[in-house]
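Structure record follows, encoded as structure tokens.
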Amino acid sequence: MCRQLRVLIFMFGLAAGNAMALCEPPGLRQPAMENGIRDREAMQFLRDRVARFLEERSRYIDCLDAQDNKAIGGIDSNALRRQRIDGYNSAMSEMLEVITAFNAQVQAFNTALEAGSLIK
């Protein structure tokens, strides 16, 4: 009986550790922002890359939130909680950086569009 309980606790510990491993940091790198995008195709391509990047980071944050919700009332440690918080903060910072850079690209593109200096 005692051996079975130890095995059960060990298996639960492995399952909890594996559940945390499900929230792997996203692998997609930040899209490169080229200065002076001059045509619509290039801007649309960049917009699509930014959207994929943001979607990937959003899924990661959702995973961290789900793990945090599971940890409430369950087995958790300060180290795992800190790891989730650090991952969340990092993902949010990356998203803000990309959105800020993309916004600058959009503004420059729109200014060039209004001035008529874009490639058709």
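Any read-out appearing in this document is the output of simple, stated calculations on the displayed coordinates, not a laboratory observation. Computed from a predicted structure; not experimentally measured. FYI the Cβ positions are ideal-geometry reconstructions off the backbone, even for glycines, and counts take in every protein chain you see.
Just a few scattered comments:
- Packing rank of 50-62, 100-112, where each peptide gets the mean count of other beta carbons within 10 Å, highest leading: 50-62, 100-112
- Contour excess over end-to-end distance, with Cα ends at ALA32 and ALA101 and 0.36 nm allotted per residue: 23.9 nm
- For q = 0.12, 0.27 Å⁻¹, Debye-computed log10 I/I(0) when each Cα of the range 37-120 counts as one equal scatterer: -0.51, -1.21
- Within the range 32-120: Cβ-based charge dipole about Cα centre, in debye rounded to nearest 20 (Lys, Arg +1; Asp, Glu -1): 60 debye
- Under the Karplus curve 6.51 cos²θ - 1.76 cosθ + 1.60, θ = phi - 60°, whole-Hz ³J(HN,Hα) for the range 108-118, x wherever Gly or Pro sits: 5, 4, 5, 5, 5, 4, 5, 7, x, 9, 9
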